[in-house]
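A short worksheet on the structure shown next.
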Amino acid sequence: MAVIDQYFQHLVATGGSDLHLSEGQPPKIRAHGAISPISDGILEHATLDYMLREICDPNAYERYLQKGDLDFAYEMDVQSRFRCNYFKQNNGLGAVFRLIPTKIKTIDDLGVPKTIENFGDLRSGLVLVTGPTGSGKSTTLAALIDYINRTYARHIITVEEPIEFVHNNKRSTLSQREVPIHTPSFADGLRASLREDADIVLVGEMRDLETISLALTAAETGLLVFGTLHTNNARKTVDRLVDVFPSDQQSQVRTMLAGSLRGVVAQLLLRRCDTEGRVAVNEILVSTPAVSAVIREGSTQKLYDIITGGKEHGMQFMDDAIWQKMLAGQVSPLEAYMKAIDKSRFRAALPPEHAELGNSGGSASKD
């Protein structure tokens, strides 16, 4: 048993999601959204260096010491797998470990809209799952891939950094590739998938021009491509994809995106007030002729009206999803206000002790 496993066992036993280890600080865990120390002892360099080395490939650890960052996965036992990120900080070494559930939840288990499952029925195009770090994007995508795996006989290739959820072959055949172990980059893995008889490709992160360009091309040529971005809603997602390209290419990119985009699922996690834990809320954009037209024109501000008027297509605006969770008593008015896009809508619901928040600023734009 590795020395660090004692911390992982504590994390699992207390229902935490993340373990934080930093030189010069006590060990801490995040549970139900809040971070707190689990002991008074300060982590010294030699101790933390030993723990981090013990569970890491020696060559990868040397690469971390040189470059200052490293991502990989570690399996403590068959029930406990962790996404590991090593980094350097002002006091020395640091690391954060995210507990990855070994049982893949279904769309129903997650309590997210059933519409999301429909994206798994597509044969081609681009579907984006977006949200800030720690918003459950990987969990939702894993549920979607598992739905396809159970329902269809397809070849699914995932390109991830690191591999989080491990899928066993059911009706589909899965090839899971990890950056940089199995392929040097997301772009290289995506480019290779075009020659590997893939039906579906999941790209763990679309963060540069080359990867985004390849994803659009793959979607246009008949693959179903799932990707993630760190954007909070559908309009920002479309704008981000276009803005990555030089200005003289953006008109062509809008045309490509208008033809290939099938949907955007934006996700946030809100802290619950009725029980421990957090609840997911989603904005959902489903491609229609109207959506394609506004993308082609570059009039993404019109997406707000299309989403709010597109309920029959399964569309949902983020603030409407937050509002419903608040009315259901699952999240507090304060939590709803803090996560909302148009805060003026939630201002009247704030309790008196937080009324000054509602008076301190105007509403956010509907983007």
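Computed in the context of the full set of protein chains, the accessible area of segment 181-324 at 1.4 Å probe radius has 46% of its extent on carbon or sulfur. A simple count of charges around residue 245, restricted to other residues whose Cβ falls under 13 Å of its Cβ and scoring Lys, Arg +1 and Asp, Glu -1, yields -3. Selection among 59, 42, 72 by position relative to the dipole of segment 20-125 gives 72 as farthest towards the positive end (Cβ unit charges, Cα centre). Rg and Dmax, both from the Cα atoms of segment 1-100 and both in Å, are 12.6, 35. Where does the longest stretch of the chain lie that holds no GluC sites (Glu not before Pro) found in a DSSP loop with 14 or fewer other Cβ atoms within 10 Å? Longest run free of exposed loop sites: 45-195.
Across segment 131-174, Cα pairs under 8 Å and at least six residues apart give a relative contact order of 41 percent. A simple packing score, the average count of other Cβ atoms within 10 Å per residue, orders the peptides 84-96, 28-40 as 84-96, 28-40, with the highest score first.
Per the Cα gyration tensor, the chain maps to an equivalent ellipsoid with semi-axes of 33, 29, 19 Å, ordered largest to smallest.
On a C-alpha basis, how far is the centre of segment 189-247 from the centre of segment 65-144 in Å? Whole number, if you could? What the calculation gives is 18 Å, centre to centre.
When both bridge partners sit in the chain, DSSP labels roughly 60% of those beta bridges antiparallel. Here r is the Cβ-Cβ distance between residue 230 and residue 89 and R0 is 25 Å; the resulting FRET efficiency, rounded to 0.05, is 0.75. Cβ-Cβ distance of residue 220 and residue 181, R₀ of 25 Å, FRET efficiency by 1/(1 + (r/R0)^6): the value works out to about 0.30.
Rounded to the nearest 0.05, what FRET efficiency do residue 75 and residue 205 give with R0 = 22 Å and r taken as the Cβ-Cβ distance? Could you check? For R0 = 22 Å, the calculated efficiency reads 0.50. Computed on segment 191-333, with alpha-carbon pairs under 8 angstrom and 6+ residues apart, the relative contact order is 20 percent.
The values are calculated or read from the model by the stated rules, or taken from the named source; none is laboratory data. Because the structure is a prediction, the values reported are computed rather than measured. For neighbour counting, all protein chains shown are included, and Cβ atoms are generated from backbone atoms with ideal geometry for every residue, glycine included. SASA here: full protein model, heavy atoms, side chains in, ligands and nucleic acids out. Shrake-Rupley method; radii C 1.70, N 1.55, O 1.52, S 1.80 Å.
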